[in-house]
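The values are calculated or read from the model by the stated rules, or taken from the named source; none is laboratory data. Keep in mind that what you see is a predicted model, and the values were worked out from it rather than measured. Virtual Cβ from ideal backbone geometry, glycine too; neighbours counted across all protein chains shown. In case anyone asks, the SASA skips ligands and DNA or RNA and just uses the protein heavy atoms, side chains included. Shrake-Rupley method; radii C 1.70, N 1.55, O 1.52, S 1.80 Å.
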Amino acid sequence: MSVQITALHVLILYLTGSSYGSELSPVPISCGIRAADLPDSTQVVLCPANCTLWKLSVFGSGVYASVSSVCGAGVHRGIIDVSGGPLEIQRVAGRSNYLSSYAHGIQSQALSRWSASFTVASISSPMEVSGQTTSTLPAPGTKKTVKKAPKKPPAAENRCQVDVALLLDSSYNIGQRRFNLQKNFIGRLAAMLKVGPDGPRVGVVQAETPRIEFYLGNYSMPKDVIFGLKDTSYIGGNTNTKAILHTVRNFFNPEYGVRRGHPRVIVAFVDGWPSDNLEDAAVMARESGINVFVVSVAKPIPEEMGLVRDQDYTKKAVCKDNGFFTMTMPSWFSTNKFVKPLAQKLCSIDQLLCSKTCYNSVNLGFLIDGSSSVGDTNFRLVLSLISSIARNFDISDIGSRVGAIQFTYDQRLEFGFNEHTTKDDALRAIQNIPYMSGGTATGDAITYAVENLYVPRSMGMGKKYLIIVTDGQSYDDVRGPAIAAQRAITVFTVGVAWAPMEDLRAMASEPKDTHTFFTREFTGLEQFEQPIVRGICRDFTEFN
């Protein structure tokens, strides 16, 4: 049974049985029901047993996006277990960031934002609410004494949930003295971060060999990290690339303390300049979902610039060339004022853009019907829908990418995935697409998109999606081209006016119900923005 049918069933139960909405009569739901599927007045639900056997989509930690499974959130929170049970739901406002974590057998996912949230809580039994029948009243004539337990201050939650690999520069250029100053700086950084089992974790990799000095799980306190650094000896060397590649392949391993769902970070310290090309290694790190920072110390003077193989190495190596992922320190002898700013950057979870999510790791293609039956005014409404969908994604050269094709009898590649690598540019390009006018050959257009838009050299490494918007009957066959496309691309179809539902479903990926949308009027297109975005994120999560 699909989620939609189950949600409808719950809604019917709610509307036909007044007691279901009351606090004492939980609404029975299935494991996959999301908070968004339930009426706002539903406060208490009853989860079935064995929800842990299902692959549940949960977004957030403590506060969950409304697109999350309610029962999955209950298990993740530890309120119910394999036997199921009742949950109390409290609706709260949407958030701009939902953290991922692993708890009680459920891996929740990170989400950059959602329009509504909820929390879950346990249900007290009626006996606990009304009081116990056997009381312990004091005997007549005696004073009642109540011992108050001393209140313990609640432990502050460390919200800096990141796993960090610190790549020491151990080149011949730095020398023993500055190498020791580098270790001192890292020790102060660990203290500033408040490294701990429930907070940030750090490990150290030394370049050249390369050599992992200690893993994330080796030291759980700042003083232990400082102790581990004392045993790190200077080895000398010439290369930085090997250390990055070795860290990507060997350091971030669950067996050595890396945590599922936590942002992963490489901080590469470079004294002077790198002796080799960092770009390829950095690309591999980013494509593995690792955020790359570069901290350069004692930049080369003009006379030394000729020795630098790639003067733009910083821009090519970091996670994103926006100034956030770089820091320059003039010398190892004056680093105290840089400890706190670097710690703040590493703990700015919202800005760690290289952690892969459905928002920053997809190739989003649009196939737009420009036939005569659409008309210029309605064509603008189609572009408005496409813009609103694209606006939800982090479009960049290392994030999500968008491309567009307009079709009639002919096809026109409006722009490819590698042409507009900022969100503003991409949205501007969408709005500036000129209306073609002509016939309708959707099948040929799908084939054209596969061959000309989804070109490996122009795409990011993310999952491929195609959104087809059409208003009428195609003059050619759509089934054959659609089946071929669906082998590598997830297809959503949006039909308007005279678009036959049979064709829309044939072109859409499975399950058809969640990948097919239809409205009689072009003014109704705007309602599909969030369902399509949610569908992309759901597919992305299940795929990964």
Exercise. Taking interchain pairs and intrachain pairs at least six residues apart, which have beta carbon atoms under 8 angstrom, with the first residue in the stretch 80-101 and at pLDDT below 85 and the second part of a strand (DSSP E or B) and of a type in the set (Val, Ile, Thr)?
Worked result: ARG95/VAL63; TYR98/VAL63
For this session: Answer yes if at least one residue in the stretch 362-380 is assigned to a loop (DSSP other than H, G, I, E, B), touching a strand residue (DSSP E or B) at 6+ places or on another chain (Cβ under 9 Å) and among the small types (Gly, Ala, Ser), and no otherwise.
Result: yes
Seminar exercise, completed: Quick count over the stretch 438-463, residues being open to solvent by less than 10 Å² (accessible area, probe 1.4 Å) and outside any loop (DSSP other than H, G, I, E, B), is 5
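Among PHE393, PHE417, which is in a loop (DSSP other than H, G, I, E, B), open to solvent by less than 40 Å² (accessible area, probe 1.4 Å), of a type in the set (Phe, Trp, Tyr) and over 17 Å from ILE468 (Cα atoms)? Spell out how you get there, then give the answer.
Values: PHE417 fails: over 17 Å from ILE468 (Cα atoms).
The match here is PHE393.
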For this session: Give the number of residues within the stretch 466-496 that are closer than 19 Å to GLU529 by Cβ and not aromatic (Phe, Trp, Tyr).
Result: 12
Exercise. Taking the stretch 180-235, which residues are out of contact with any strand residue (DSSP E or B) (no Cβ under 6 Å at 6 or more places or on another chain) and among the charged types (D, E, K, R)?
Worked result: LYS183, ARG188, LYS194, ASP198, GLU208, ARG211, LYS223, ASP224, LYS230, ASP231
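Yes/no matrix, rows are residues, columns are (1) at pLDDT 85 or above; (2) assigned to a strand (DSSP E or B); (3) buried (at least 18 other Cβ atoms within 10 Å of the Cβ); (4) in contact with a Leu (Cβ under 9 Å, 6 or more places away or on another chain):
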{"residue": "SER19", "(1), (2), (3), (4)": "no, no, no, no"}
{"residue": "LEU24", "(1), (2), (3), (4)": "no, no, no, no"}
{"residue": "ASP40", "(1), (2), (3), (4)": "no, no, no, no"}
{"residue": "LEU46", "(1), (2), (3), (4)": "yes, yes, no, yes"}
{"residue": "ALA49", "(1), (2), (3), (4)": "yes, no, no, no"}
Exercise. Limited to the stretch 421-435, what total is found for residues that are modelled with pLDDT under 95 and in a loop (DSSP other than H, G, I, E, B)?
Worked result: 1
